[in-house]
Structures are given as C-alpha cells and as structure tokens.
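As structure tokens, the structure follows; a few thoughts come after it.
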Amino acid sequence: MTTASLPPRMAAPALEVSGLRRFYGEAEIIHGVDLSVQPGEILAVLGKNGMGKTTLLRTIMGYLRKASGSVRILGANVLGREAYSIAGLGVAYTPQDQALFPDISVADNLRLGLRSDKGFEAAFDRVSAIFPFLRERRRQKAGTLSGGEQKMLLMTRALMPRPQLMLIDEISEGLQPSIISRLSDVLKRQRDEDRTAILLIEQNIRFALGTADRYAVLKRGEIVDAGEAADAGAVASVTRHLSV
C-alpha cells in the first residue's frame with residue numbers, strides 16, 4: 001500500500017506530526033504518520049472504526065505517551081508530555097465519549113474549561129452568543145440535556161479558553177443534521193475569527209469535507225490519501241476508502 005503525505009504549507013504550523021508511531025504491546029497501531037495543521041486551518045482525518053483515529057488523537061494530546069517520532073504544538077516538542085502540560089499550551093481536546101459531569105450544572109461544566117474562575121463571565125458571554133440555549137440552561141444539570149445539547153456543551157467547554165489548537169474526536173456521531181450543520185458553522189467561525197487550528201477526526205464525510213480545508217484518510221494506522229476538501233473528487237476518493 002502506498003502511503004500519502006499531506007502537502008507542506010508555508011506558514012509555521014500550529015501542529016506538526018512527523019514519523020509518529022504508537023504500539024499496543026507488540027502491535028503497531030500508528031505507522032509513521034506525518035501531518036500538519038496551520039493557524040486558521042481545519043484538517044479532517046477520516047477513517048472507519050478501528051483504523052487508529054482516536055489513538056492518533058490521544059497520542060498527540062499526551063494521553064498515550066509510549067510513542068516515537070515527533071509531535072510539535074505551537075513550536076514545542078510535546079511527545080511524552082503529560083496531557084495537562086499540553087493543554088497549558090492552548091490546546092483544547094474534545095473526546096468522542098462525552099466527558100461531561102452529568103450531576104453538576106452547565107455553568108460548572110464550562111468552568112472546567114478554564115484554568116481559573118477569574119474570566120468565567122466574559123468567556124460565558126462569548127460562548128453563549130454562539131449557543132444561546134446555554135444562558136437559559138446555565139443552572140441545569142448537564143445530564144438532563146438532550147444528546148445534541150450535551151455535544152454542544154462539550155464543544156462549548158473547549159471554546160471557553162479561546163484555544164489556539166482544537167483536537168476534536170467524532171463530534172457529529174449520533175447527531176441530527178441540523179445540529180451537525182450548526183457545529184460546522186461554529187468550527188468555521190472559530191477558524192476564521194480566532195485563527196484557531198483544528199484537527200477534526202470524523203467518519204461523517206459530508207460534515208468533514210464541508211467543514212475542513214484539507215483532509216487525510218487514515219487506514220490501518222497509515223495516511224493513504226490526502227488533499228483539499230473542496231476538490232471535485234474528494235468525496236468520491238474518501239468514500240472509496242471508507243467503503244472497503
């Protein structure tokens with residue numbers, strides 16, 4: 001199988017992954033992955049279940065630390081660092097499993113996105129302008145929200161500190177089309193207004209290519225296809241990889 005590499009960009013990347021390898025025991029799950037994301041750019045990494053997408057993201061974020069290669073975030077070499085140290089560089093991670101605290105309020109879940117409570121009200125005003133339902137649900141327990149509202153709350157928590165890099169794992173899973181469209185708009189707005197770099201892990205081809213600037217396909221731990229999301233053949237190319 002011929003691997004594909006993402007074409008280089010001229011700007012200094014917010015995220016640069018080079019030759020990344022990750023093992024579970026003797027099994028190699030990530031095979032020398034190279035990718036980069038620039039400030040103000042969204043890169044979608046697509047693939048079926050079991051292809052290594054979440055492992056890739058968790059390795060970048062520092063939750064899986066036994067890896068080789070290079071991961072540079074905002075110029076710093078972070079491979080082997082703890083996740084809290086990486087988050088401190090201005091990185092927000094939105095996991096596939098909804099990492100909310102269901103028995104505390106919406107507001108208290110959002111507070112967890114900040115390093116201190118000092119700037120909470122200003123940050124809350126900003127994000128509630130994006131998701132207005134948060135203001136009226138501010139004191140409601142997070143576990144009583146609908147599935148779509150919980151996903152939006154998860155996304156909002158990541159936006160609270162105005163991150164420079166967002167790592168997002170299958171945010172569209174199980175959501176109705178109207179909410180998926182809303183999330184796409186929010187991510188593109190974040191890219192355009194705050195120049196945030198976004199690495200979007202997805203299986204939803206329409207959402208991923210409609211949101212991202214570039215795409216890569218991960219198959220059995222390797223990038224096997226890559227290109228511009230707006231290219232005429234992008235949907236067909238990605239669909240072919242995800243259907244076999």
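The values are calculated or read from the model by the stated rules, or taken from the named source; none is laboratory data. As the structure is a prediction and not an experimental result, all values here were calculated from the model. With ideal geometry, Cβ positions are generated from the backbone for all residues, glycine too; neighbour counts draw on all protein chains shown. Surface accessibility is based on the protein's heavy atoms, side chains included, excluding ligands, DNA and RNA. Shrake-Rupley method; radii C 1.70, N 1.55, O 1.52, S 1.80 Å.
Structure notes:
- All of (1) at pLDDT 95 or above; (2) farther than 29 Å from residue 126 by Cα hold for residue 243 with one exception: (1).
- Residue that is nearest to residue 91 (Cα to Cα) [pool: residues in the stretch 177-190 that are open to solvent by less than 30 Å² (accessible area, probe 1.4 Å) and of a type outside the set (S, T, N, Q)]: 187
- Within the stretch 119-130, residues that are without any contact (Cβ under 8 Å) to a residue 60 or more places away in the chain reach partners that are open to solvent by 10 Å² or more (accessible area, probe 1.4 Å) and assigned to a helix (DSSP H, G or I) with beta carbons closer than 7 Å, at six or more positions or on different chains, in the pairs 120/111; 128/135.
- On the stretch given as the stretch 142-155, residues that are crowded, with 16+ Cβ neighbours inside 10 Å and touching a residue at least 24 places away in the same chain (Cβ under 8 Å) total 9.
- Scan of the stretch 32-86 for residues that are small (Gly, Ala, Ser) and either closer than 14 Å to residue 198 by Cα or assigned to a loop (DSSP other than H, G, I, E, B) (or both), ordered by number: 36, 40, 44, 47, 50, 52, 62, 75, 80
- Per-region count, the stretch 87-109, residues assigned to a helix (DSSP H, G or I) and either more than 24 Å from residue 157 (Cα to Cα) or open to solvent by 30 Å² or more (accessible area, probe 1.4 Å) (or both): 2
- Among the conditions (1) surrounded by fewer than 19 Cβ atoms within 10 Å (Cβ to Cβ); (2) at pLDDT below 95; (3) under 25 Å from residue 186 (Cα atoms), the only one that residue 47 does not satisfy is (1).
- Screening residue 135 with (1) under 24 Å from residue 48 (Cα atoms); (2) touching a helix residue (DSSP H, G or I) at 6+ places or on another chain (Cβ under 9 Å); (3) not in a strand (DSSP E or B) gives one miss only, at (1).
- The stretch 164-195, residues that are in a loop (DSSP other than H, G, I, E, B), in contact (Cβ under 8 Å) with a residue 40 or more places away in the chain and within 20 Å of residue 96 (Cβ to Cβ): 170, 171, 173
- Members of the stretch 193-218 that are among the charged types (D, E, K, R) and surrounded by fewer than 22 Cβ atoms within 10 Å (Cβ to Cβ): 193, 194, 195, 206, 213
- Given (1) touching a strand residue (DSSP E or B) at 6+ places or on another chain (Cβ under 8 Å); (2) among the basic types (Lys, Arg); (3) open to solvent by 70 Å² or more (accessible area, probe 1.4 Å), number of the condition residue 118 does not satisfy: (1)
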